[in-house]
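Undergrad: What follows is a single structure, and I will ask about it in a moment.
Here, each number is a calculation from the coordinates, and none is a lab measurement. It should be emphasised that the depicted structure is a prediction, and the values quoted were computed from it without experimental measurement. So basically every Cβ, Gly included, is an ideal-geometry build from the backbone, and we count neighbours across all protein chains shown.
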Amino acid sequence: MRVLHAPTNVGNQPWSLSRAERRLGLESDLVVNYQTWFGFPADRVLGSLNGRSATELATRTFFGLTAPFRYDVLHYYFGRSLLYWDDLPNLNRLPFADLKLARRLGKKIFMTLQGCDARLAGISNKSNKFTPCSKGMCGAFETCISYLDAQREELIKTILPNCSRVFYLNPELGNYVPHGTFIPYANVDIDAIAPAKAGHRKTPIVVHAPSDPGIKGTALILEALKEIKSRHPHKLKLVQGMSHEDAMQIYRSADIVIDQVLAGWYGGLAVEVMAMGKPVACTIREADLQFIPPAMRDELPILTLRPNRLADDLAEIFESRNQWSSIGLKSRKFVERWHHPDKIASAIIKLYQNPESSLEITSEE
């Protein structure tokens, strides 16, 4: 079975999953239209971001139109396909032509949605008391309301029905994609990350990585930490604008990591630090937990934060520092159980073979 992951590597999910599929015996490739500043790996990069040269455009077009003939399974990401050029909207002459061709050829088609590709900002704003989809938080909110929501609705109504199965990584998307299935992050090679030894510092190190401060609620987090600092001294480290390798070193130095407080779910960063055995604090939106496996919900080791009570919740977390080490151990076991790429790949391969079957992530080693 030949599997293609494309056309972008957001958060390293497609790369990690394709490597796991290779370990399990599949011919699995990741091919992207362009590389992003994060520098996540791919087997082949077809062009550059916004690249308009004749060679780049011809390469993108040729690969997109021929891929359905060369692969048995096409696994797309972020609501895009090889011929949906989000970076070149004025040259987007054949949007989703490769996906539609694959459908006509009877190939298996999968789509993994990752957040803003299918989150309807207007509905999220009205439905949730706290969400990044609000004025003053996400800088793209007005653009989403103006026209991106309409594009997402079109994707959900006209493109996703062409897919054999649709997955989403954030449970909130279950509200917008009724026929989709939640799938956990598989973005980290768990076995390659050794658990860090628990620290016993007098002044704990708190780490926060605001890749997008508005979406992560960074201003709220910093305000709450400032409010409790006199009662609960700590050293804050912000991870911004540095290489992944340098960031990982800071994560390993953390006593606790604060992820995000508006999206209602944890991100790929949390998986990395939980693999290190670090406790993670984050807002978990209870209403969205209906979309994840009940066993996963019951085992969640996340220290819960409420955006309207951040200072109080953080104070309680600091007052329970003696539990951080055990929560870190639970966190490592949790990612081994629910986020191990090989386990998730094994479950997905069964769906590649029979898209109608249920997604089951086993607890077996």
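Undergrad: Any aspartates and glutamates with Cα under 20 Å of the Lys107 Cα? List them, leaving off those in the same chain fewer than 8 positions away.
TA: Glu21, Glu27, Asp29, Asp72, Asp98, Glu356
Undergrad: Kindly rank 15-28, 154-167 from highest to lowest mean number of other beta carbons found within 10 Å of each residue.
TA: Numbers: 15-28: 19.6, 154-167: 17.6.
In descending order of packing, they fall as 15-28, 154-167.
Undergrad: If you average the C-alpha positions of segment 25-39 and of segment 145-199 separately, how far apart do those two centres end up, in angstrom?
TA: 17 Å
Undergrad: Still on this structure, I have one more. Over what distance in Å are the Cα centres of segment 88-103 and segment 316-340 separated?
TA: The two parts, judged by their Cα centres, are 44 Å apart.
Undergrad: Over segment 190-338, what is the mean sequence separation of C-alpha contacts under 8 Å (at least six apart), divided by residue count, expressed as relative contact order in percent? All intermediate terms of the calculation are to be shown ahead of the outcome.
TA: Numbers: 232 pairs, mean separation 40.9, N = 149.
Value for segment 190-338: 27 percent.
Undergrad: By a straight-distance test (C-alpha under 14 Å), which aspartates and glutamates pair with Lys197 as possible cross-link partners, with residues fewer than eight away in the same chain excluded?
TA: Asp255
Undergrad: Here is a further query. Antiparallel DSSP bridges in the chain: what percent, to the nearest 5?
TA: Approximately 0 percent, going by the DSSP bridge assignments.
Undergrad: Along the charge dipole of the chain, which of Leu269, Leu329, His339 sits closest to the positive end, that is, farthest toward it, with unit charges on the beta carbon of Lys, Arg, Asp and Glu (+1, +1, -1, -1)?
TA: Leu269
Undergrad: Something else now. Can you list the residues, at least 5 places off or on another chain, whose amide H is less than 5 Å from the amide H of Ile256, using H built in the peptide plane?
TA: Here Ile205, Val207 satisfy the definition.
Undergrad: Moving to a separate point now. Working from Cα positions, state the angle (0 to 90°, nearest 10) between the long axis of helix 13-23 and the longest principal axis of the chain.
TA: Its long axis makes an angle of about 70 degrees.
Undergrad: Moving to a separate point now. In what sequence, highest mean first, do 32-40, 248-256 appear when ranked by Cβ atoms within 10 angstrom?
TA: 248-256, 32-40
Undergrad: Then there is this: Report, in listed order, any pair from Lys202/Lys330; Lys202/Lys333; Lys235/Lys333; Lys135/Lys226; Lys129/Lys202 with a Cα-Cα distance greater than 31 Å. Working shown, then result.
TA: On the way: Lys202/Lys330 23 Å; Lys202/Lys333 27 Å; Lys235/Lys333 27 Å; Lys135/Lys226 24 Å; Lys129/Lys202 36 Å.
The pairs that break the limit, which is 31 Å between Cα atoms, are Lys129/Lys202.
Undergrad: Can I ask one more? Classify segment 190-338: rounded, prolate or oblate, from the alpha-carbon gyration tensor (a ≥ b ≥ c, eigenvalue square roots; a/c under 1.5 rounded; otherwise prolate if a/b is larger than b/c)?
TA: Rounded.
Undergrad: Checking the cross-link filter: which aspartates and glutamates have an alpha carbon closer than 19 Å to that of Lys216, excluding same-chain neighbours under 8 positions apart?
TA: In chain and number order, the partners are Asp117, Glu142, Glu172, Glu227, Asp259, Glu272, Glu286, Asp288, Asp312, Asp313.
Undergrad: State, as an integer percentage, the relative contact order of the chain based on alpha-carbon contacts under 8 Å between residues 6 or more apart. Provide the component values of the computation, followed by the final result.
TA: Numbers: 662 pairs, mean separation 54.0, N = 365.
That works out to 15 percent.
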